Amino acid sequence: MKRTDKANYYLDIAETVLERGTCLRRNFGAIIVKNDEIVSTGYTGAPRGRKNCIDLGVCVRETLKVPRGERYELCRSVHAEMNAIISAPRGSMIGATLYLAGREASSGSYVENPSPCSLCKRMIINAGITRVVARTSKTDFNVTDVQDWVENDESLTGKFGY
């Protein structure tokens, strides 16, 4: 038996978390880990008390055919990264790693080129998280040093990299 490496161990947990997601388009699961301990988790879903897209049976962004990475103000959901961040004390996030897994709601396939949106990137920076590990397949992932987002400020260039 081959032992799962730490990154895929945490990504497997993030993938389980995404199963709570309520988006009709794509669902993500995020977990924040510091010193080899899970600090918090988050998944894609409407704010507490509001109806979820799966309950309403409609996704406004899907209906309007809004491309990925655009017009998030139309979305009912709070992103997985945001939910994980608001569920954690800042002191526990400084120097932590955020693990992110995403699946397309229609096919169940992994989200191609997974990356936090520009608003989530800003929240991750301010939370003090230093790395983001995003799953690209069952065993493969990308690692991003959050300092790269600080130094290469997409809001100054208009190149948001979705």
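Things worth noting here:
- Only Cα pairs under 8 Å and 6+ residues apart enter the sum, and on that basis the relative contact order of the stretch 47-112 stands at 23 percent.
- Percent accessible area from carbon and sulfur atoms, the chain, protein chains only, probe 1.4 Å: 49 percent
- Stretching D36 away from T4 to a fully extended chain increases their span by 10.1 nm, per 0.36 nm per residue minus the current alpha-carbon distance.
- For the stretch 91-162: rounded, prolate or oblate by the Cα gyration tensor [a/c cutoff 1.5]: oblate
- Rounded to the nearest 20 debye, dipole of the chain from Cβ charges on Lys, Arg, Asp, Glu: 460 debye
The values are calculated or read from the model by the stated rules, or taken from the named source; none is laboratory data. Everything numeric here is computed off the predicted structure, so don't read it as measured data. Cβ sites come from the backbone with ideal geometry, for glycine too, and all protein chains shown count toward neighbours. Remember, those area values only see protein heavy atoms, side chains included, never the ligands or the DNA or RNA. Shrake-Rupley method; radii C 1.70, N 1.55, O 1.52, S 1.80 Å.
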